[in-house]
Structures are given as structure tokens and as C-alpha cells.
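Asker: Before I ask anything, let me first share the structure, which is written out below as C-alpha cells.
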Number of protein chains: 2
Amino acid sequence: MKHEATKHDTSMRKPRLFTPGPTPVPEHVMLQMAQPIIHHRHPEFIAIMERINQNLQTLFCTVQPVLSLTSSGTGAAEAAMTSLFSPGDKGINVNNGKFAERWGEMMKTFGMESVEIAVEWGKAVSEDQLASTLKQHPDAKCVWLVHSETSTGTYTDIKRMAQVIRANSNALVCIDGITSVGAHECRMDEWGLDVLITGSQKGLMIPPGLAFVALSQRAWDKAATAKLPKFYFDLKKAKAAWEEHSTPWTPAVTLFVGLAPALQMIIDEGVENVWKRHETLSKGLRAGVQALNLSLFSESPSHAVTAINQPAMGKQFLTMLKKDYGITVTSGQDSIKDVIFRVSHLGYYDEGDMLTVLGAIEHALKRVEHSFKPGSGVAAAQRIFIENSGQS
Amino acid sequence: MKHEATKHDTSMRKPRLFTPGPTPVPEHVMLQMAQPIIHHRHPEFIAIMERINQNLQTLFCTVQPVLSLTSSGTGAAEAAMTSLFSPGDKGINVNNGKFAERWGEMMKTFGMESVEIAVEWGKAVSEDQLASTLKQHPDAKCVWLVHSETSTGTYTDIKRMAQVIRANSNALVCIDGITSVGAHECRMDEWGLDVLITGSQKGLMIPPGLAFVALSQRAWDKAATAKLPKFYFDLKKAKAAWEEHSTPWTPAVTLFVGLAPALQMIIDEGVENVWKRHETLSKGLRAGVQALNLSLFSESPSHAVTAINQPAMGKQFLTMLKKDYGITVTSGQDSIKDVIFRVSHLGYYDEGDMLTVLGAIEHALKRVEHSFKPGSGVAAAQRIFIENSGQS
């Protein structure tokens, strides 16, 4: 008979979250948020907000205010849309996934005219598709694009697409950066993005509950005449409060208290180094799963989350990962629910995490009788990591 | 020369928050929220939501779903308003404070017609005022009332006002219970309230970031034809998700993880006992400050927060409370900013907290040369506590 301690040790698998939001929160950030709560109109909190506001501008690569909202990322999109447009305004929506689809629905909900560019899930829009749609709709007031589509793990080259939009139209370039900010290179001012939004539970490494939005000067000019109704999400009110390092409504205080040190980690690592780390981790993971004879779902893979086609016996495979190896990944959504699974490398992850998830995937693949060479997944990832070492 | 330890001891004043939101969060709730984050679509979180949903119904005294939103209380008001009404709908707003005023502004923002009953700050609306306005506006679709007005510490008898509204009109009874739910007796179904909202950082004893809203069946029937645009705050979507113990958008996971044990404390104490405790604490505090020759601002004091007219040298007095005695209270807002200060007894407070804040107030009053008998404040409060002991 085993000792209790031994029994415990042999079954120990640390629980690890590999979902594309919530993403893991650093332990010291969690403990910081567990400090006694402070009041949001008092100097201690205002000092925290001042530091956050400055660091968010560095992260967004903008001189514009990055406004913080207590909501999910969907709230930030609503804030931008209702603060910028009027009923009847025409908008182009590039729909290549579940989140991309949402912004088109939102436009219709608010009485805008939504022109959809339907792109197969797992693909990015092409320059030609976008340019020809812009030419057909010269009166479009905005184009909504998802930088990293979380539902399919698909990256869109928004730097290039912003150039295409600017060359063909006066439409505002509205970017869902919810899983790209802090993962992919994203330079708001230099690339001419007019709207950039993100969420807290993604690259920013804190729990869900906050969302962030910045507008270009061109967008602020347009906000002056926007007629869609808004109250909670009125960005003009948010901007006025931002000047005082405050918020129009009671903010989610503890999440900001956690955001301050989490954001500081990004600044201390260096924003460009953070992008590079995400690139290396995602390349390593992709090399690993491909070496295991698994295939990628997306033709244009994101650095934030990797979508992998499920092996045979996918359901059992995912259950094993969670129950026997402590690994929480997530399946697909809607029509691709049972087609893919998604592994996140967005936020607080390092190379060891990628080796760990690949190690568990190898174990589970073995048990569903998937054909592969044991050790080939972790080895392929590790080769990428060695190749890229010292580059950042 | 003193030892370092002694030096530290003599200056030690525990920091204590007496603001009407955020209110103090129990230590075990903060530590619960510091546990590794979980995913909101996985069984562990759904089980937490199921328990929360059930306990919120007990707290609201309703059989209707109590829907949880990631926002401040203002977001919950917007959700109710946009989910229930249409452009041009007329609403009556009883304006007796800063928060009451907000709901009138919100109606106008969304293109409704707002009829205001202006009530002096610190007073509650009278039955006659309300009844005569209802008779003048038989087409009013709603009446907005604040149960406990936080800006002035004023209680309105919404049980009686709901009867007045029902007797004179078909208007929906919309109640801002942001600082009353969990403090004042509030029986949604029995009293015929159609909308009841609250926030997380109040009686619910957790940090800000969540808001809650319940609608009567009569209100849900009206929601079917409401035409105001909404997306993030669409309560029909929230209700559909509620049936699955879920939310339409990514929720503030850690706040729900904290809400579960905090709400359980309320259920375990007993909702009626919680109301009674707030009544006793507020009566004790009021007796205490009056014994110190300070006067109350409100004619109809709330059990959630007490508004007290500032003594002479009010600014120095408040600074001393914070710097020298560790007590964070809050001043007034807008026109009464320098007229009052407010002491909260909303949420996680007991008799010892009231004695503590009164003790500190006595110290600071002495230093601003206010005339009172030392010890009379704490003694007056304590007499109330003894009188009420064993009643709950």
C-alpha cells in the first residue's frame, strides 16, 4: 500500500489553462488584486490609472488616449460604433469568423447598413476582395477587420489592409485587436488605424471585465457628429474623465489594480519583445503539432491562438487532456465546434508552457491510437525555440 | 529612543473603508478571487453561476431571473431602459439626487421623453407629488425611483410608492436598488416592482464590475416590443444565456468567483437578518453622530449610507480622518460636495466598525475644536446596539 503522500504525488498534474481568454494571470497579479479594496475617486487609485493610461499608449503605439471600459471586448466595439456613426451609415464588415460576424450584427442592430465580405473561416480577406468592395461602396463610413480571429486562429495583415482602405476610401479603419494587442505587431498611429479595441483577459494577462479602445484624431473628429444613442459607452464622456485619470462610471477597481503590474511586465519586457515571444511560441507550437501528424485549421495562423484539426476520437482526446493531464484547451465554436481544438499562447506563456501542452497532447494522442513518433512534437517545438534564442 | 517595533506600533491605524461603494470585501472572498483563473464556458464556472443565480433570486425576493452584467450599475439601468422602451416613450423620473438625476438624463439620451419630479436633495418624493404627476401624464410608460439615494443618504418608501403608481397608472415601476438591495427590505414580487437593479460593490460585498437586473413578467411582456437599440445590454440575450447559467459575452470571471461566497454569507445570515443588521448599524451611527452635536443632511435617512453635515473646518476634519485615523469616508457630490460627508454601513460591516468610525470622528472633532462630550458618540451608538441585541 502506498503512503498518502506518494499517492498524491503520483496523480499530481498541475491544472493549466490554454484558452484564448481568459488567459493565465501571473500569481503576483492575482495577489495584488486580493489587497484590501480602495476607492476609485481617491488619490491612490488615480495614481494607478495615470500609470496605466501612459503604458496603454505605449502598448497601442499611439499618442491618443486609450480609454478603459468596464465591460467585455464586445462593449468596446459597441462604444466605438455608437460613438462614431449615425443611423443609416454604411459599414463594410469582413466576416471570417464568429467574432468578425458579431460586428456586422452589431451594425445592423444599431440601424447601420452592413455590407459583408464573406470569407471562408480559417482564411484572411484578400487585398483584391477588399479593394473591389470599397470601389463598389464609395459611401462606406467604416471597415471592420479582426486582426486575430479567435474562433479560427486566423491572422489578417491589417497593416496592408489599412493601406488598401486608405488608398480606396475615406472609410474609418476599425480594428478588433481583442486577441492581437500584446501578441501581434500592431502600430496604431503608424499604420493609420482609426479604431483599435482590446480586452483585459487576453494579451494583458488579467481576468476578464475590462476593455480598451483608442480612436485616431480622424475618428474623434467624426465622433462630434455621430448620432447613434449611447450612455454607458459614450466615449466622449470617457475621454473627458480620462483627462483626469478617471472614468465616468464606477470602474472595476480590482481589475485595474491588477492591470497596473501586468501591464508593467509588458513594458519591462518591451512591447516588441512581447510580439517576438508570441511569434516564437506560436511557431514552436505549430511545428510541434504538425510533427505529430496533426494539421492546422487556418491558412493564415495567428500568433495568439492555434486552431488544430481534431484527431479521430476528438472528444475523448479533449476529455483526456483535461481530466488526466490538467490541460484546459477549448474546442471550436458553432459549425466547427467538433472540427478543431484551440491552444492559446496569448499572454502569460513561455516556452516551457508550449513543451508542457505538447507533452500532454502526445500522451493523449497515444491513447486515441493516433499515429506519431513519441517525442517528435516537443522536439520540433524545441528546435524552433533554440533557433530563435537570443534574437529578442 | 524608541525601538523600531514600538515606533511602528504607536503609529498603527488599520486602514478602513467607509465609502458607499466600493465597500469592504471580506478577506476570504478576496483570496477566493486570487485562485487560478477558470474558463467561463467550462462546468466549474457554470456550477458557480447556477448557485449565484438561485441565491440572487432569494436576495431580490423574486421568482424572475436576476441577470448579471459585466458593467457598473449604470449599465444595468441602461440595459433595463433600452430593453423595455421605444423612442418617444414618456417616463417619469423622481429626481432627488445625483443618481436619480442620471436616469432622467439617460431617458433623454435614448430619445425618450423624461418628465421630472424635482425633489429637494435630502428629501423623498411625497405620495401626493407622485400621484398628481401620474394623473397629469396618464401616458407615462415608466416611473424611475431610487430606493436609497447614495449622494444624499436618502431613503424612499418604494413599497408605498409602487402602490401609488399601480393605483394611478400602468407605468412600469423601475427601481434603482443600487445601494438598497442587501441593506433595506426590498421585496420585488410582493411589492410589484417591475425593474430592480443593483451593483456588486455595495450590499453584495464584492469589488465593482458587476451589475444585476431583474424584470417582472409585465416588464418581460413589454420587452417583446421595445424598439430602443441595444446589443451588449440586450436583456433578452442575457435571459437566454441565464437559462444555461451563462452570459452572452465573456463575464468578469473572478468577480463571479468572489460573488459566490459573498452571496452565500448573505443567504446564511438570512436576508431579513441582513436588513435588520443594516437598520441597527445605521440607527446606531446616526445616534452617535447626533450625540456629537453633528446634524444629519437627509430628512429620510437610508440604512445604507449616512450623510452628515460637515463640522466647521470640514476639509481638515476629513483629511485627519484619513491620514491620522485610517478612516476613508467620502465627501458630498456636486453642489453639496463641501456640505456633507458620508459614512457607509452598507455590506460587510458590524457594530465594531460603527464604534471604530465614531471613535475616529470624536478624535478628529476634538482637533477641529468642535464642541462635544468625549465618549458620547460611541456611547449613544452602543446603547442602540444593546437595545437591539438578540432581536435578529
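Asker: Please arrange A:S132, A:S371, A:S344 by counting, for each residue, the other beta carbons lying within 10 Å of its beta carbon, fewest first.
Answerer: Lowest count first: A:S371, A:S132, A:S344.
Asker: Can you tell me the FRET efficiency between B:A118 and A:K373 if r is taken as the Cβ-Cβ distance and R0 is 60 Å, rounded to the nearest 0.05?
Answerer: According to the calculation, E is roughly 0.15.
Asker: How far is the Cα center of the stretch B:297-329 from the Cα center of the stretch B:85-144, in Å?
Answerer: The stretch B:297-329 and the stretch B:85-144 have Cα centres spaced 30 Å from each other.
Asker: On to the next question. Please rank B:H363, A:H137, fewest neighbouring Cβ atoms within 10 Å first, as an exposure proxy.
Answerer: Result, fewest neighbours first: B:H363, A:H137.
Asker: Scale the Cα Rg of chain B by the rule-of-thumb value 2.2 N^0.38 Å and send over the ratio, two decimals.
Answerer: Normalised Cα radius of gyration, chain B: 1.02.
Asker: Tell me, what HN-Hα J-couplings in whole Hz come from the Karplus equation 6.51 cos²θ - 1.76 cosθ + 1.60 at θ = phi - 60° for each residue of the stretch B:100-105, using x for Gly and Pro?
Answerer: 4, 4, 4, 5, x, 4
Asker: Which whole number gives the average, over all residues in B:99-106, of C-beta atoms from other chains lying within 10 Å of the residue C-beta?
Answerer: Other-chain Cβ atoms within 10 Å of each residue's Cβ, averaged: 1.
Asker: Please work out the Cα center distance from the stretch A:207-245 to the stretch B:151-229, rounded to the nearest Å.
Answerer: Measuring centre to centre over Cα atoms gives 28 Å.
Asker: Suppose each label sits 7 Å from its Cα in the direction of the beta carbon; what would the A:S126-B:Q316 distance come out to in nanometres?
Answerer: 7.8
Asker: Whole-Hz Karplus ³J(HN,Hα) for the stretch B:323-336, in order, using 6.51 cos²θ - 1.76 cosθ + 1.60 and θ = phi - 60°, x for Gly and Pro?
Answerer: Result, ordered by residue: 6, 9, 10, x, 9, 9, 10, 9, 7, x, 10, 6, 5, 10 Hz.
Asker: In deg cm²/dmol, rounded to 500, what helix-only [θ] at 222 nm does the protein assembly as shown give when every DSSP H run of at least 4 residues adds -39500 (n - 2.57) and the total is split over its residues?
Answerer: Mean residue ellipticity, 222 nm, calculated: -13500 deg cm²/dmol.
Asker: Would you kindly derive the ³J(HN,Hα) couplings of the stretch B:150-158 from the backbone phi angles with the Karplus curve 6.51 cos²θ - 1.76 cosθ + 1.60 (θ = phi - 60°), listing them in order in whole Hz, with x for Gly and Pro?
Answerer: 5, 6, 10, x, 10, 9, 10, 6, 6
Asker: So if I take the alpha carbon set of the protein assembly as shown, get Rg, then get Rh from the Kirkwood formula, what is the Rg over Rh ratio?
Answerer: 0.99
Asker: Once you average over the residues of A:228-237, how many Cβ atoms of partner chains fall within 10 Å of each Cβ?
Answerer: Across A:228-237, the average partner-chain Cβ count within 10 Å equals 5.
Asker: Still on this structure, I have one more. Near the amide H of B:L172, under 5 Å away, which other amide H atoms are found, from residues 5 or more places off or on another chain, if H is placed in the peptide plane?
Answerer: Excluding prolines and chain starts, which carry no amide H, the hits are B:C142, B:V143.
Asker: Quick check on the stretch A:28-268: of the DSSP beta bridges with both residues there, what percent are antiparallel, nearest 5%?
Answerer: Among the beta bridges of the stretch A:28-268, antiparallel pairing accounts for roughly 40 percent.
Asker: Can you report the principal axis dimensions of the stretch B:40-129 using only the alpha carbons, biggest first, rounded to whole angstrom?
Answerer: Cα spread of the stretch B:40-129 along its principal axes, largest to smallest: 49, 28, 22 Å.
Asker: Is there a quick way to get the dipole size of chain A? I mean about its Cα centre, with the Cβ of Lys and Arg at +1 and of Asp and Glu at -1; what is the value in debye to the nearest 20?
Answerer: Dipole size: approximately 660 debye.
Asker: Here's another thing I want to ask about it. Please report A:D334, B:D194 as a ranked list, fewest other C-beta atoms within 10 angstrom at the top and most at the bottom.
Answerer: The order, fewest Cβ neighbours first, is A:D334, B:D194.
Asker: Between B:H28 and A:K323, how many nm apart are label points set 7 Å from Cα along the C-beta direction?
Answerer: 3.2
Asker: So which of A:K283/A:K315; A:K90/A:K227; A:K227/B:K227; A:K283/A:K323; B:K98/B:K135; A:K108/B:K236 end up more than 19 Å apart, counting from Cα to Cα?
Answerer: Checking Cα-Cα distances, A:K283/A:K315; A:K283/A:K323; B:K98/B:K135 exceed 19 Å.
Asker: On to the next question. What is the set of long-range amide H partners of A:I117 at a cut-off below 5 Å, with H atoms built 1.01 Å from backbone N?
Answerer: Result for A:I117 returns A:N93, A:V94, A:N95.
Asker: Let's see if you can work this out: charge +1 on each Lys and Arg Cβ, -1 on each Asp and Glu Cβ, no other charges. What is the dipole magnitude of the stretch A:1-144 about its Cα centre, in debye to the nearest 20?
Answerer: That gives the stretch A:1-144 a dipole magnitude of about 520 debye.
Asker: Still on this model: In debye, nearest 20, what is the charge dipole magnitude of the protein assembly as shown about its Cα centre with +1 on Lys and Arg Cβ and -1 on Asp and Glu Cβ, if you could check?
Answerer: For the protein assembly as shown, the charge dipole is close to 360 debye.
Asker: Collect residues whose amide H, placed 1.01 Å from N in the peptide plane, falls under 5 Å from the amide H of A:V25; neighbours closer than 5 in sequence don't count.
Answerer: Amide H neighbours of A:V25: B:I37.
Coordinate-derived values only; no laboratory data. Keep in mind that what you see is a predicted model, and the values were worked out from it rather than measured. Methodologically, a virtual Cβ is constructed for each residue, glycine included, from the backbone with ideal geometry; neighbour enumeration extends over all protein chains shown.
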